[in-house]
């Protein structure tokens with residue numbers, strides 16, 4: 001992903017109002033992100049933990065989506081969940097259901113799309129082996145790094161297509 005600015009981020013959102021984009025908390029450390037290792041920029045809002053944001057560069061204009069995070073109830077035992085983008089397995093809350101309001105008429109009617117995502121939205125780093133899931137199992141795959149990256153991007157683009165009504 002190419003480095004992006006706060007202005008780039010604020011103008012990229014497709015599923016929220018201009019007022020909402022003005023009020024959202026953009027990461028302060030944009031210059032410190034490992035852009036060459038990212039397929040998208042994802043972050044949780046520190047002031048509102050139920051909010052998360054994802055901005056992707058898809059060979060054209062940036063596409064930003066606002067997400068709502070659903071917390072699962074603690075079951076009192078170790079549970080494992082898998083992220084639907086990067087297929088990383090996490091234990092105990094490392095994956096959460098995140099929903100995005102759809103764009104257009106579907107969104108105005110209250111329709112949304114949900115996926116189970118890494119709670120820290122560091123999918124790109126997990127895919128590349130730059131970060132390891134705490135308590136997660138490492139699955140031994142025969143795919144090359146390039147194939148894993150392509151799979152993560154395909155899953156990301158499929159999710160984005162569903163939000164904007166193309167999938």
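Laboratory data are not the source of any read-out in this text; all were calculated from the coordinates shown. In this text the structure is predicted, and so the values were computed from the model without any measurement. Backbone-built Cβ (ideal geometry, glycine too); neighbour counts: all protein chains shown.
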If I build a Gaussian network model for the chain, linking alpha-carbon pairs within less than 10 angstrom, which residue out of 94, 110, 60 has the largest mean-square fluctuation?
60
Normalised by the number of residues in the chain, what is the relative contact order in percent for Cα pairs under 8 Å and 6+ residues apart?
20 percent
Can you put 152, 119 in order of Cβ neighbours within 10 angstrom, beginning with the fewest?
119, 152
Quick calc: nm separation of the 7 Å Cα→Cβ label points for residue 99 and residue 48 -> 1.6 nm
May I ask you to derive the FRET efficiency for residue 25 and residue 130 from their Cβ-Cβ distance with R0 = 30 Å, giving the value to the nearest 0.05?
0.80
Of all DSSP beta bridges with both partners in the chain, the antiparallel percent, nearest 5, is 95 percent
Least to most buried among 113, 163, by other C-beta atoms within 10 Å and fewest first, runs 113, 163
Rounded, prolate or oblate for the range 75-123? Axes are the square roots of the Cα gyration tensor eigenvalues, ordered a ≥ b ≥ c, and the cut-off for rounded is a/c under 1.5.
prolate
Decide, for the range 78-158, between rounded, prolate and oblate: order the square roots of the alpha carbon gyration tensor eigenvalues as a ≥ b ≥ c, take rounded if a/c falls under 1.5, and otherwise choose prolate if a/b is larger than b/c, else oblate.
oblate
Between residue 58 and residue 36, Cβ-based FRET efficiency (R0 25 Å, step 0.05) works out to 0.90
For 81, 112, 124, 17, order by how many other beta-carbon atoms lie within 10 Å, fewest first
17, 112, 81, 124
Between residue 161 and residue 108, the FRET efficiency computed from the C-beta separation at R0 = 30 Å comes out, to the nearest 0.05, as 0.95
So how far apart, in nm, are the two label points at residue 11 and residue 142 if each is 7 Å from Cα heading toward Cβ?
4.7 nm
